[in-house]
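S.K.: This is the structure I want to talk about, given as structure tokens.
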Amino acid sequence: MFSGPVVLALFLGAVALFVAIGVFFSLAAVRRRLVVSLGRGRQEDILAAVSSQIEEVHGLRTEIRQLTAELQRLGEVFRGALQRFAVYRYDAFEDMGGQLSFSAAILNDHGDGLVISCINGRQEARTYAKPVSRATSPYNLSPEEQEAIRLALATVGQR
């Protein structure tokens, strides 16, 4: 009734059908095992979980880029803030002790700001304020004022 090649073909077709059914059920079992628990009773297929994690990573990268740009902007703002301070004390007059006179420099990262000096004598005290730009002033700076500026600029990273 059936010749040898036909029987062989039917047999191989049946075996292929059984193998396909077995693979289908194995795949379904694997998918059931690949369910990820997300907490609060939610469960999700591993592929969907990976996909949502990839989307979240892309969102985080965008936020990191934004934060990096904001950090750079804030760094520029802080470089302009008065953040370097130094006080240099000295005796302005030979007959006065205790180093009551001083020069104080208040500068930003660029060396801009001001220097204030107070010269104390026996009868009076005189106070001077001078603008500073790039560690220099349009007014003559005394050696003590120059030293206060040098000390203020040397305070980088020491706070």
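The values are calculated or read from the model by the stated rules, or taken from the named source; none is laboratory data. Predicted, not measured: the structure shown is a model, and the values here were computed from it. Cβ atoms come from the backbone with ideal geometry, glycine included; neighbour counts cover every protein chain shown.
S.K.: Surrounded by fewer than 11 Cβ atoms within 10 Å (Cβ to Cβ) and within 30 Å of ALA28 (Cβ to Cβ) - does that describe any residue in region 84-107? Give the steps one after another, and end with the answer.
M.R.: Keep residues of region 84-107 that are surrounded by fewer than 11 Cβ atoms within 10 Å (Cβ to Cβ), which gives 94-95, 97-98.
Subsequent filtering for residues that are within 30 Å of ALA28 (Cβ to Cβ) retains none.
No, there is no match, as no residue in region 84-107 is surrounded by fewer than 11 Cβ atoms within 10 Å (Cβ to Cβ) and within 30 Å of ALA28 (Cβ to Cβ).
S.K.: Given PHE93, PHE85, which one is in contact (Cβ under 8 Å) with a residue 24 or more places away in the chain, in contact with a helix residue (DSSP H, G or I) (Cβ under 7 Å, 6 or more places away or on another chain) and hydrophobic (A, V, I, L, M, F, W, C)?
M.R.: Details: PHE93 fails: in contact with a helix residue (DSSP H, G or I) (Cβ under 7 Å, 6 or more places away or on another chain).
PHE85 is the lone residue from the list that is in contact (Cβ under 8 Å) with a residue 24 or more places away in the chain, in contact with a helix residue (DSSP H, G or I) (Cβ under 7 Å, 6 or more places away or on another chain) and hydrophobic (A, V, I, L, M, F, W, C).
S.K.: Another question, if that's okay. Evaluate the following for THR127: is it out of contact with any helix residue (DSSP H, G or I) (no Cβ under 7 Å at 6 or more places or on another chain) and either in the same structural domain as GLU145 (by TED's automatic domain parsing) or buried (at least 16 other Cβ atoms within 10 Å of the Cβ) (or both)? If you could, list the steps in order and put the result at the bottom.
M.R.: Details: out of contact with any helix residue (DSSP H, G or I) (no Cβ under 7 Å at 6 or more places or on another chain): yes; either in the same structural domain as GLU145 (by TED's automatic domain parsing) or buried (at least 16 other Cβ atoms within 10 Å of the Cβ) (or both): yes.
Against the criterion (out of contact with any helix residue (DSSP H, G or I) (no Cβ under 7 Å at 6 or more places or on another chain) and either in the same structural domain as GLU145 (by TED's automatic domain parsing) or buried (at least 16 other Cβ atoms within 10 Å of the Cβ) (or both)), THR127 qualifies.
S.K.: Restricting the search to region 97-114, which residues are on the phi < 0 side of the Ramachandran plot, of a type in the set (Gly, Ala, Ser) and in a strand (DSSP E or B)? Outline the logic, then answer.
M.R.: Here is the first cut: in region 97-114, the residues on the phi < 0 side of the Ramachandran plot are 97, 100-110, 112, 114.
Add one more test, that the residue is of a type in the set (Gly, Ala, Ser), and what stays is 97, 101, 103-105.
Correct list: SER101, SER103, ALA104, ALA105.
S.K.: Can you find even one residue in region 133-156 that is modelled with pLDDT of 90 or more, part of a strand (DSSP E or B), surrounded by fewer than 16 Cβ atoms within 10 Å (Cβ to Cβ) and of a type in the set (Phe, Trp, Tyr)?
M.R.: The initial filter retains those residues of region 133-156 that are modelled with pLDDT of 90 or more, namely 133-154.
Subset that is part of a strand (DSSP E or B): 133, 136.
Next, only the ones that are surrounded by fewer than 16 Cβ atoms within 10 Å (Cβ to Cβ) stay: 133, 136.
So of that shortlist, the ones also of a type in the set (Phe, Trp, Tyr) come out as none.
Within region 133-156, none of the residues are modelled with pLDDT of 90 or more, part of a strand (DSSP E or B), surrounded by fewer than 16 Cβ atoms within 10 Å (Cβ to Cβ) and of a type in the set (Phe, Trp, Tyr).
S.K.: Are there any pairs, at least 6 apart or on different chains, whose C-beta atoms fall under 8 Å, with the first in region 102-115 and charged (D, E, K, R) and the second surrounded by fewer than 16 Cβ atoms within 10 Å (Cβ to Cβ), and if so, which?
M.R.: Cβ pairs passing all conditions: ASP109/PHE78; ASP109/ARG79; ASP109/GLY80; ASP109/VAL156; ASP112/GLY80; ASP112/SER133; ASP112/ARG134.
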